[in-house]
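Chemist: Structure in structure tokens, see below.
The values are calculated or read from the model by the stated rules, or taken from the named source; none is laboratory data. Keep in mind that what you see is a predicted model, and the values were worked out from it rather than measured. Note that each Cβ is placed from the backbone with ideal geometry, even for glycine, and that neighbours are counted across all protein chains shown. Heads up: the accessible areas ignore ligands, DNA and RNA and are worked out on the full protein's heavy atoms, side chains in. Shrake-Rupley method; radii C 1.70, N 1.55, O 1.52, S 1.80 Å.
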Amino acid sequence: RVRHRDVRGPSLEERRRRWRSIVRLSAIYGVVLAVLGAAAYRGSSVVAEAGMLRIDRLIVTGNERVPTGRVLEALDGLKGENLVWADLDQWRARLLTSPWVRDAALRRSLPSTVEIAVWERVPTILARIDSRLFLMDEQGVIIDAFGPEHQAFDLPIVDGLSAPKPGPGVQADDVRAALAARVVSALRAKPELAKRLSQMD
């Protein structure tokens with residue numbers, strides 16, 4: 001004799017018990033998640049408002065031509081910000097607006113210090129543009145107007161760098177400027193020849 005298995009579904013009472021269990025578990029998980037979320041939010045608030053994490057010291061290294069005061073001036077407002085949440089990329093971008101700064105890096109140092117490393121541009125030529133002299137680096141970037149404070153630079157004067165279509169402000173032909181800087185840099189490998197070079201066109 002063959003017995004057929006009872007394939008009837010769960011009773012109404014069993015279905016109710018299952019739903020009550022699901023609802024109870026969902027409520028428990030919801031409460032747990034809410035508690036964890038509140039704890040995380042409270043923790044972030046504590047970190048954000050912690051006095052010991054307020055930036056109160058800036059250390060500048062690598063600068064020779066750019067005064068430390070000028071670097072700190074570009075970073076005016078960074079002191080007092082929270083060390084964890086401060087947007088150092090934004091502050092780095094502000095520092096790179098200085099024509100003397102080729103690159104910079106900002107690093108957090110607990111509990112309240114930001115270390116700033118600066119890489120400066122190196123003047124390679126004296127570019128004569130519109131009858132004025134400018135310090136220019138090996139990439140053809142104008143660094144600064146030449147003045148008495150730059151007398152220590154013994155660099156050749158280069159003419160013929162004016163942009164083909166001059167506009168407002170100081171402009172130089174990028175290709176010509178970079179070429180002239182490369183020529184001068186290459187001549188430095190031959191000091192006897194380099195010291196005889198005083199002017200280029």
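Chemist: If you go through the stretch 75-91, how many residues are surrounded by fewer than 12 Cβ atoms within 10 Å (Cβ to Cβ) and not in a loop (DSSP other than H, G, I, E, B)?
Modeler: Selection size over the stretch 75-91: 2.
Chemist: Determine if the stretch 153-164 includes at least one residue that is outside any loop (DSSP other than H, G, I, E, B), surrounded by fewer than 16 Cβ atoms within 10 Å (Cβ to Cβ), free of Cβ contacts under 8 Å to residues at least 24 places away in the same chain and out of contact with any strand residue (DSSP E or B) (no Cβ under 7 Å at 6 or more places or on another chain).
Modeler: no
Chemist: Looking only at the stretch 42-50, decide whether some residue is over 30 Å from GLU81 (Cα atoms), open to solvent by 90 Å² or more (accessible area, probe 1.4 Å) and at pLDDT 60 or above.
Modeler: Start the filter on the stretch 42-50 by keeping residues that are over 30 Å from GLU81 (Cα atoms), which leaves none.
No, that holds for no residue.
Chemist: Do we find that ARG94 is assigned to a strand (DSSP E or B) and open to solvent by 30 Å² or more (accessible area, probe 1.4 Å) in this structure?
Modeler: No; evaluated as a whole, the condition is false for this residue.
Chemist: Okay, moving on. Since ILE125 meets every condition but one in (1) under 23 Å from PRO67 (Cβ atoms); (2) in a strand (DSSP E or B); (3) of a type in the set (Val, Ile, Thr), which condition does it not meet?
Modeler: (1) is the only condition that ILE125 fails.
Chemist: Scan (1) farther than 19 Å from ALA145 by Cα; (2) touching a residue at least 12 places away in the same chain (Cβ under 8 Å); (3) of a type outside the set (Asp, Glu) for the single condition GLY69 breaks and write down its number.
Modeler: (2)
Chemist: While we're looking at this one, here's another question. Taking the stretch 175-192 on its own, how many of its residues are of a type in the set (D, E, K, R), part of a helix (DSSP H, G or I) and surrounded by 10 or more Cβ atoms within 10 Å (Cβ to Cβ)?
Modeler: Step one: filter the stretch 175-192 for residues of a type in the set (D, E, K, R), giving 176, 182, 188, 190, 192.
Keeping just the survivors that are part of a helix (DSSP H, G or I) gives 176, 182, 192.
This time we only want the ones that are surrounded by 10 or more Cβ atoms within 10 Å (Cβ to Cβ), so: 176, 182.
So the count comes out to 2.
Chemist: Considering the stretch 115-164 alone, what residues qualify as being aromatic (Phe, Trp, Tyr) and more than 30 Å from LEU83 (Cβ to Cβ)? Before the answer, list the steps.
Modeler: Quick first cut of the stretch 115-164, residues aromatic (Phe, Trp, Tyr) only: 119, 134, 146, 153.
Of everything in the stretch 115-164, those that are aromatic (Phe, Trp, Tyr) and more than 30 Å from LEU83 (Cβ to Cβ) turn out to be PHE134, PHE146, PHE153.
Chemist: Taking the conditions exactly as written (at pLDDT below 85, out of contact with any Cys (no Cβ under 8 Å at 6 or more places or on another chain) and open to solvent by 90 Å² or more (accessible area, probe 1.4 Å)), does PRO168 satisfy them or not?
Modeler: yes
Chemist: Moving on. Any chance the stretch 26-37 includes a residue that's of a type in the set (Val, Ile, Thr), outside any strand (DSSP E or B) and either open to solvent by 100 Å² or more (accessible area, probe 1.4 Å) or modelled with pLDDT of 85 or more (or both)?
Modeler: At the first step, the residues of the stretch 26-37 found to be of a type in the set (Val, Ile, Thr) are 28, 31-32, 35.
Filter once more, so that each one left must be outside any strand (DSSP E or B): 28, 31-32, 35.
Cutting the leftovers down to either open to solvent by 100 Å² or more (accessible area, probe 1.4 Å) or modelled with pLDDT of 85 or more (or both) gives us none.
No, the stretch 26-37 has no match at all.
Chemist: Sticking with this one: What number of residues within the stretch 112-152 satisfy the criterion of being closer than 21 Å to TRP91 by Cα and crowded, with 20+ Cβ neighbours inside 10 Å?
Modeler: So the count comes out to 5.
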